[in-house]
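Take a look at the structure set out below.
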Amino acid sequence: MGTNVLQLTNINKQFGTFHALTNVNLNIEKGKIYGFIGKNGAGKTTLMRVISGMSFPTSGSIELFGKTETKAICKEREKIGVLLEDRGVSPDFTAVQNLKMQMILKGIRDNARIKEVLEIVGLTNTGSKKLKEFSLGMRRRLTLAATLLSKPEFLILDEPTNGLDPVGIKDIRDLLHKISQEQGTTIMISSHILRELYEVATDFIFIDSGVIMGEISKEQLYKKMESKFIIRSKETGKILNTFKEHGMGEKVTVSGDTITMSGNDTDEETLSSLLHESGAVLLEYTQTKETLESYFINLIGGRHDA
Ligand code: ATP
């Protein structure tokens, strides 16, 4: 088997005449954490449901863990853990009772696994506490624990941090890093908190109106997100001479009265002292940095509410 966990080719999904997904082509590679980004109604949940077998595509083909036959794909889906909403858990059950119920529903017989997943999500000490007495963060961790019972190789998580406070969000983030690093689990996660996704994901997939708008690795994005210093002055010559004297002439571009300098390999202190040394009068001196959010907005062109 190669490193491909999932390959989608020309997947379409229609609800009546409405096109929820249009010609989706995707490769999901083993061990990566994919941040799945799109506005409300962009098609994230629909695609996750198609991948996990909860909904059928109108057309297109799916290859899962190297298998393409419908029956074989069904079998391979046992390797997927899906968290699409807080379902299948009972508010009147304790953590252990809930997980036992899930084990029965999923036909899993390994009782020791309950202790293991509770340890993974940090919920070993909840004892006789019922789910309805859990905080939202604890409930999320329990549903994640239920998803982990079957030791999935591929985790699909639709907004697992929705409604959590910053500590709860960090807990889930740490948990996903741990699962990914210790078990090599492939993860696809959607969230509207792009800062969080940036922290957790290795790769990003952008969807808009059911169309995949682009994919980028964190490494590629980081290069694009390079910060820049913008310096405006009527005396750009003085500034350029000073930069050249200090061997920094090649790091800048000049257009009219504006000098732009890459900020990733320049620190602000050095730059300030060079500008001071040049003696030039500055009209403007700012630092800009693209973010995952601004990259996404540029990609889909315009306003967003992701
Ligand atoms: P959100 O971020 O709000 O959860 P999403 O990206 O997950 O949005 P989807 O839930 O996949 O979006 O919905 C995509 C589009 O498909 C929406 O316009 C939605 O109304 C539509 N849709 C989803 N399920 C159905 C259905 N069963 N019948 C008709 N339309 C549907």
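The values are calculated or read from the model by the stated rules, or taken from the named source; none is laboratory data. Source: prediction; values computed, not measured. As a convention, Cβ positions derive from the backbone with ideal geometry for all residues, glycine included, and neighbour counts pool all protein chains shown.
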Would you mind finding the one in Asn98, Asn23, Asn12 that is over 16 Å from Ile205 (Cβ atoms) and within 16 Å of the ligand (Cβ to nearest atom)?
Asn12
Can you find, within the range 154-163, the residue that is farthest from Arg195 (Cα to Cα) among those that are in contact with a Leu (Cβ under 8 Å, 6 or more places away or on another chain) and within 16 Å of the ligand (Cβ to nearest atom)?
Ile156
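Okay, residues lined up against (1) in contact with a Ser or Thr (Cβ under 7 Å, 6 or more places away or on another chain); (2) under 30 Å from Leu83 (Cα atoms); (3) at pLDDT 90 or above; (4) in the same structural domain as Tyr285 (by TED's automatic domain parsing):
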residue	(1), (2), (3), (4)
Ser180	no, yes, yes, no
Leu197	yes, yes, yes, no
Lys244	no, no, yes, yes
Gly249	no, no, no, yes
Ser273	no, no, yes, yes
Among the residues of the range 153-170, write down those that are more than 17 Å from Thr46 (Cα to Cα) and surrounded by 20 or more Cβ atoms within 10 Å (Cβ to Cβ).
Phe154, Thr161, Leu164, Ile169
Which pairs turn up if I take residues in the range 46-72 that are assigned by TED's automatic domain parsing to the domain that holds Ser209 and look for partners that are small (Gly, Ala, Ser) with beta carbon separation below 6 Å, at least 6 apart in sequence or on another chain?
Thr46/Ala20; Arg49/Ser55
Within the range 98-120, can one find any residue that is part of a loop (DSSP other than H, G, I, E, B), without any contact (Cβ under 8 Å) to a residue 60 or more places away in the chain and of a type in the set (S, T, N, Q)?
yes
Sort out which residues of the range 210-228 are in contact (Cβ under 8 Å) with a residue 24 or more places away in the chain, in contact with a Ser or Thr (Cβ under 8 Å, 6 or more places away or on another chain) and of a type outside the set (A, V, I, L, M, F, W, C), and write them in order of number.
Gly210, Glu226, Ser227, Lys228
For the range 40-53, indicate whether the set of residues that are surrounded by 13 or more Cβ atoms within 10 Å (Cβ to Cβ), of a type in the set (Ser, Thr, Tyr) and within 11 Å of the ligand (Cβ to nearest atom) is non-empty.
yes
Would you check if there is a residue in the range 116-134 being surrounded by fewer than 12 Cβ atoms within 10 Å (Cβ to Cβ), within 28 Å of His192 (Cα to Cα) and within 16 Å of the ligand (Cβ to nearest atom)?
no
Listed by range, helices (runs of 4 or more DSSP H) wholly within the range 214-306 having at least 2 residues that are hydrophobic (A, V, I, L, M, F, W, C) and under 30 Å from Ala42 (Cβ atoms) are 292-300
Ile207 vs (1) modelled with pLDDT under 95; (2) within 13 Å of the ligand (Cβ to nearest atom); (3) crowded, with 16+ Cβ neighbours inside 10 Å: all pass except (1)
